[in-house]
């Protein structure tokens, strides 16, 4: 039974990573047309083009802003959840959270 669980888990992880591998092949391959199994050439010119000039600068700025927003939203959500879980009117606050929906 444990072996079956490990096989199922490994299969699900592999199935989840398959799209990332396909995206990597698409990003690094050039001249990949229908009947071919693999691209004719492998190149990183697409990545070099993205990371050069203003496009790379805006990509890093966007990544930095989204990381900051994620960190602050996680911290604020943790503080709010802690406040609600220890508040005497916890049930009322939880019902109030569903009001906009």
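Rule-based calculations on the coordinates, nothing more; no lab input. Fair warning: this is a prediction, and the values are worked out from it, not measured in the lab. Cβ: placed from backbone, ideal geometry, glycine included. Neighbour counts: every protein chain shown.
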**Study point:** Between helix 2-28 and the chain: long-axis angle, C-alpha atoms, 0 to 90°, nearest 10
**Key:** 60 degrees
Study note, to complete from the structure: Square roots of five times the C-alpha gyration tensor eigenvalues of the chain, ordered largest first and given in whole Å, equal 43, 27, 12
Revision key, fill the gap. Computed on Cα atoms, the radius of gyration and Dmax of the range 54-101 in angstrom are 16.8, 52
Exercise for review: Can you tell me the order of 83-89, 24-30 when each peptide is scored by its average per-residue count of other Cβ atoms within 10 angstrom, highest first?
Suggested key: 24-30, 83-89
